[in-house]
Amino acid sequence: MDGKTTLLKRHNDARRLATLLATAVHLTTRAVDDALDLLEVLIATKLLAKAERETAKEKMKTLPRVERAGAKLATAFQVVFDTTAEQVDTDTGEISAPKVQTLAAMWEQIEAVVARSELAAAIAALFELTPPLDSDADQAWRAMLATRFGTVRPFLKLLVKVVDFGATPEGAPILAALKTLPELMGRKKVGPVEIDTELLAGSWRRLVLTAPGLEPGTVGWKAYVFCVLEQFHHMLRRREIFAKNSSKWGDPRAKLLAGEAWEQAKSTVLASLGLPEGAGERLAARAALLDGTYREVSGRLPENAQISFDDDGRLHFAALEPEPEPASLLGLRAAVNAMLPRVDLPEVLLEVFSWTGADQAFTSVTGGEARLKDLPVTIAALLVAHGCNVGYTPVISGVDALKYGRLSHVDQTYLRLATYFSELTERPLSSPKGRLRGLKNSSQSSFSAVSKYSSAARVRRKEPTRRRVTAPGVSLSSAQVVPVACS
């Protein structure tokens with residue numbers, strides 16, 4: 001994709017057709033990858049995460065009412081326990097009768113602290129603001145999610161029509177349900193026989209089958225759509241559901257050897273990995289090891305104060321205190337920081353270019369020889385602009401090598417993925433003896449102009465300007481970079 005259309009003229013018709021076909025396939029794969037990337041972000045951030053955030057906000061708004069209602073009920077039931085339970089004297093062990101014997105007397109004691117009407121209002125508030133006892137922790141945000149059908153309506157039909165999905169046996173039921181969703185859209189009544197009720201887990205079953213306002217014999221098909229989409233999102237991230245014409249979201253098993261190719265390479269692969277031909281024996285050994293580890297860990301849990309379980313059975317670890325850093329490490333860090341030279345980043349890049357010739361890896365996209373004067377200065381400025389995310393403005397100067405038109409031209413022509421890769425993999429970090437060369441025709445104005453980004457960044461951060469100190473063994477002059485012997 002880095003080539004020019006003019007280069008296609010050098011090829012014959014068959015090569016041009018093959019290039020066109022390869023380009024179309026490549027662009028199709030990238031389009032599917034981009035579409036599924038966007039879908040994953042949409043479901044994760046705009047739907048699931050947003051519904052959870054807004055539900056949490058709603059809970060915070062209703063928290064004062066829940067606290068007041070709960071406090072009133074707790075006070076009333078405390079009176080009930082204190083007045084109706086037998087009293088035991090802890091000193092003598094004598095058991096006395098309850099304070100009240102009748103229901104009317106108990107209510108008299110309760111109404112002395114909380115009015116009956118206030119208790120009724122508190123109970124009504126708790127029924128209104130809290131989920132049912134048989135619901136799960138996700139019911140609130142899932143119910144809010146079901147109201148956002150307008151977000152998924154535009155792409156739901158295209159999703160199953162344009163993208164060719166495949167699935168493993170675990171993801172096949174969800175993919176089948178996803179393909180039936182367009183048939184349910186827009187209908188007023190959908191029956192239970194038209195959906196896959198096996199997919200309804202947790203609070204989704206209540207929201208789809210028994211939600212308030214549903215007519216007898218119908219289901220909440222909008223809630224069912226989001227139930228399927230949530231599980232589709234989960235399976236897509238695990239690649240249990242995959243796109244057949246995608247590189248990022250494709251089937252991870254597609255590149256595995258199979259059939260005759262696997263039979264030919266099987267003995268070599270197993271021997272190199274030290275694995276037996278039958279998987280049963282190894283899996284049994286792994287299962288026994290895992291079971292023994294679980295039992296060993298669970299046996300130590302009662303004595304471990306750093307681990308606890310909540311009411312939902314979730315495991316929680318206490319925060320670990322950081323280990324104190326030894327004095328030797330602190331001294332070493334201070335010594336290293338003291339030895340590090342304080343130089344501007346552009347000068348470092350130009351100096352490394354002079355050592356290694358790394359700037360020669362940035363070749364023109366046309367394949368021709370570069371004739372631009374002071375090209376390393378322009379490349380260093382662009383690497384600073386991109387690497388520090390400051391754009392062209394801080395590195396633009398009146399010097400020809402640092403004018404906007406020059407920077408834009410070199411950025412589009414010389415800096416691309418292929419040249420970056422060539423610089424990282426093909427250029428050695430240290431060159432043979434004699435490769436060290438000077439940067440000729442580089443005036444002090446070029447260095448200072450490329451270094452403008454440092455001053456601009458300091459002004460934005462309100463940092464004091466640091467004194468420039470040259471690295472030991474290297475001296476930067478206005479005309480060249482030369483080695484200096486260290487004493």
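The values are calculated or read from the model by the stated rules, or taken from the named source; none is laboratory data. As the structure is a computational prediction, the values presented were derived from the model and not from experiment. Using ideal geometry, Cβ is built from the backbone for each residue, glycine included, and neighbour counts are taken over all protein chains shown.
For the criterion of being free of Cβ contacts under 8 Å to residues at least 24 places away in the same chain, under 31 Å from the mean Cα position of the chain (by Cα) and more than 30 Å from residue 27 (Cβ to Cβ), residue 208 passes. All of 65, 116 fail the test of being of a type outside the set (A, V, I, L, M, F, W, C), surrounded by fewer than 14 Cβ atoms within 10 Å (Cβ to Cβ) and touching a helix residue (DSSP H, G or I) at 6+ places or on another chain (Cβ under 8 Å), apart from 116.
Of all residue pairs spaced 6 or more apart or on separate chains, those with beta-carbon atoms under 7 Å, a first member in segment 217-231 that is at positive phi and a second member that is surrounded by fewer than 23 Cβ atoms within 10 Å (Cβ to Cβ) and not charged (D, E, K, R) are 217/191.
Figure legend. Inter-residue proximity from segment 389-412: first residues farther than 20 Å from residue 364 by Cα, second residues of a type in the set (Asp, Glu) and assigned to a loop (DSSP other than H, G, I, E, B), beta-carbon distance below 8 Å, spacing 6+ or different chains. Indicated pairs: 399/374. Just the residues that are under 17 Å from residue 170 (Cβ atoms) and acidic (Asp, Glu), please, taken from segment 205-262. Selection gives 230, 240, 251. Among all residues of segment 412-425, there is none that is surrounded by 14 or more Cβ atoms within 10 Å (Cβ to Cβ), of a type outside the set (A, V, I, L, M), over 34 Å from the mean Cα position of the chain (by Cα) and modelled with pLDDT under 90. Residues of segment 179-195 being outside any helix (DSSP H, G or I), more than 18 Å from residue 151 (Cα to Cα) and in contact (Cβ under 8 Å) with a residue 24 or more places away in the chain, which ones? Answer for segment 179-195, where residues must be outside any helix (DSSP H, G or I), more than 18 Å from residue 151 (Cα to Cα) and in contact (Cβ under 8 Å) with a residue 24 or more places away in the chain: 189, 190, 191, 195. When residue 175 is tested against the conditions (1) touching a Phe, Trp or Tyr at 6+ places or on another chain (Cβ under 7 Å); (2) more than 16 Å from residue 228 (Cα to Cα), the lone failure is (2).
Can you spot a residue in segment 237-246 that is assigned to a helix (DSSP H, G or I) and surrounded by fewer than 15 Cβ atoms within 10 Å (Cβ to Cβ)?
Applying the first criterion (assigned to a helix (DSSP H, G or I)) to segment 237-246 yields 237.
Add one more test, that the residue is surrounded by fewer than 15 Cβ atoms within 10 Å (Cβ to Cβ), and what stays is 237.
Within segment 237-246 (the criterion being assigned to a helix (DSSP H, G or I) and surrounded by fewer than 15 Cβ atoms within 10 Å (Cβ to Cβ)), the answer is yes, since at least one residue qualifies.
Residues that are acidic (Asp, Glu) and over 24 Å from the mean Cα position of the chain (by Cα) were ranked within segment 136-165; the one that is farthest from residue 35 (Cα to Cα) is 136.
Scanning segment 151-169 for residues that are in contact (Cβ under 8 Å) with a residue 24 or more places away in the chain, touching a Pro at 6+ places or on another chain (Cβ under 8 Å) and hydrophobic (A, V, I, L, M, F, W, C) yields one hit, 156.
Can you tell me which residue among 193, 225 is of a type in the set (Val, Ile, Thr) and surrounded by 15 or more Cβ atoms within 10 Å (Cβ to Cβ)?
On the way: 193 fails: surrounded by 15 or more Cβ atoms within 10 Å (Cβ to Cβ).
Sole residue among the options that is of a type in the set (Val, Ile, Thr) and surrounded by 15 or more Cβ atoms within 10 Å (Cβ to Cβ): 225.
Looking at this structure, is residue 101 in contact (Cβ under 8 Å) with a residue 24 or more places away in the chain and over 30 Å from residue 177 (Cβ atoms)? Outline the logic, then answer.
Working: in contact (Cβ under 8 Å) with a residue 24 or more places away in the chain: no; over 30 Å from residue 177 (Cβ atoms): yes.
So residue 101 does not fit the description; no.
Can you confirm whether residue 46 is out of contact with any Asp or Glu (no Cβ under 8 Å at 6 or more places or on another chain), in contact (Cβ under 8 Å) with a residue 60 or more places away in the chain, assigned to a helix (DSSP H, G or I) and among the basic types (Lys, Arg)? It would help to see each step written out before you state the result.
Working: out of contact with any Asp or Glu (no Cβ under 8 Å at 6 or more places or on another chain): yes; in contact (Cβ under 8 Å) with a residue 60 or more places away in the chain: yes; assigned to a helix (DSSP H, G or I): yes; among the basic types (Lys, Arg): yes.
When the stated conditions are applied, residue 46 passes them.
Report yes if some residue within segment 123-145 is modelled with pLDDT of 85 or more, farther than 30 Å from residue 222 by Cβ and in a helix (DSSP H, G or I); otherwise report no. So far as segment 123-145 goes, yes, one or more of its residues are modelled with pLDDT of 85 or more, farther than 30 Å from residue 222 by Cβ and in a helix (DSSP H, G or I). Checking each residue in segment 196-222 for being crowded, with 22+ Cβ neighbours inside 10 Å, within 26 Å of residue 163 (Cβ to Cβ) and among the aliphatic types (A, V, I, L, M) picks out only 208.
Per-residue answers, yes or no, for (1) farther than 30 Å from residue 98 by Cα; (2) out of contact with any strand residue (DSSP E or B) (no Cβ under 7 Å at 6 or more places or on another chain); (3) in the same structural domain as residue 209 (by TED's automatic domain parsing); (4) of a type in the set (A, V, I, L, M, F, W, C):
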residue	(1), (2), (3), (4)
114	no, yes, no, yes
122	no, yes, no, yes
125	yes, yes, no, yes
132	yes, yes, no, no
137	yes, yes, no, yes
152	yes, yes, yes, yes
159	yes, yes, yes, yes
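Looking only at residues of segment 19-55 that are surrounded by 12 or more Cβ atoms within 10 Å (Cβ to Cβ) and among the small types (Gly, Ala, Ser), we find that the one that is farthest from residue 130 (Cα to Cα) is 31.
Yes/no per residue for (1) farther than 30 Å from residue 137 by Cα; (2) free of Cβ contacts under 8 Å to residues at least 12 places away in the same chain:
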site: 252; (1), (2): yes, no
site: 259; (1), (2): yes, yes
site: 268; (1), (2): yes, yes
site: 273; (1), (2): yes, yes
site: 295; (1), (2): no, yes
site: 306; (1), (2): no, no
site: 309; (1), (2): no, yes
site: 316; (1), (2): no, yes
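Just checking, which of 327, 318, 381 is more than 30 Å from residue 8 (Cα to Cα), surrounded by 10 or more Cβ atoms within 10 Å (Cβ to Cβ) and either at pLDDT below 85 or not assigned by TED's automatic domain parsing to the domain that holds residue 402 (or both)? Steps first, answer last, please.
Values: 327 fails: surrounded by 10 or more Cβ atoms within 10 Å (Cβ to Cβ); 381 fails: either at pLDDT below 85 or not assigned by TED's automatic domain parsing to the domain that holds residue 402 (or both).
The match here is 318.
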